[in-house]
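Undergrad: Before we start, here is the structure in question, set down as structure tokens.
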Amino acid sequence: MTKQIQHVAQWQTVEINFKEYQVASIPFTQFFAEKNYRLVTVREKTDDQQPDMFEGEKFNYRCILTSDYEKTEKEVIEFYNQCGAGEKSLILLIVCFGCC
């Protein structure tokens, strides 16, 4: 999978929450050969000034596995960010107020 991500030729630049990211999708059948999944990959440049030996620039990568082929990469990322924000709010309620 790492090699597939490294060989992505075209990364699309998108802005999410006022921050610039590069996104791409690759088919994912590694564990689920009979199912049709895609791996939405997000990368952002690091502040590290030391160049990477293989790529030149350094990036942090994040991936989301989804079966949704209708949404764009940006829409998938924003959807999962909203889910994470909801979970964080629930944890705060439980920890701070003893709810649930």
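Undergrad: Being on the phi > 0 side of the Ramachandran plot and modelled with pLDDT under 90: is that true of CYS100 here?
TA: Values: on the phi > 0 side of the Ramachandran plot: yes; modelled with pLDDT under 90: yes.
Yes, satisfied.
Undergrad: Also, I was wondering about something else. How many residues are under 11 Å from LEU65 (Cβ atoms) and of a type in the set (Phe, Trp, Tyr) if we restrict to the range 16-46?
TA: Final tally of qualifying residues: 4.
Undergrad: Sticking with this structure for a sec: Starting from residues that are in a loop (DSSP other than H, G, I, E, B), in contact (Cβ under 8 Å) with a residue 24 or more places away in the chain and of a type outside the set (S, T, N, Q), keep the ones in the range 1-50 and report whichever is nearest to VAL76 (Cα to Cα).
TA: Here is the first cut: in the range 1-50, the ones in a loop (DSSP other than H, G, I, E, B) are 1, 7-11, 17-18, 29-36, 46-50.
Within this subset, residues satisfying the condition of being in contact (Cβ under 8 Å) with a residue 24 or more places away in the chain are 1, 8, 11, 17, 30, 35-36.
Retained after the next criterion (residues that are of a type outside the set (S, T, N, Q)): 1, 8, 11, 35.
Working: MET1: 20, VAL8: 19, TRP11: 16, LYS35: 18 Å.
Applying the filter and picking the extreme gives TRP11.
The values are calculated or read from the model by the stated rules, or taken from the named source; none is laboratory data. Worth saying up front: this structure is predicted, and the values here are computed from it rather than measured. A quick note on method: Cβ atoms are made from the backbone with ideal geometry, for glycine too, and the neighbour counts reach across all protein chains shown.
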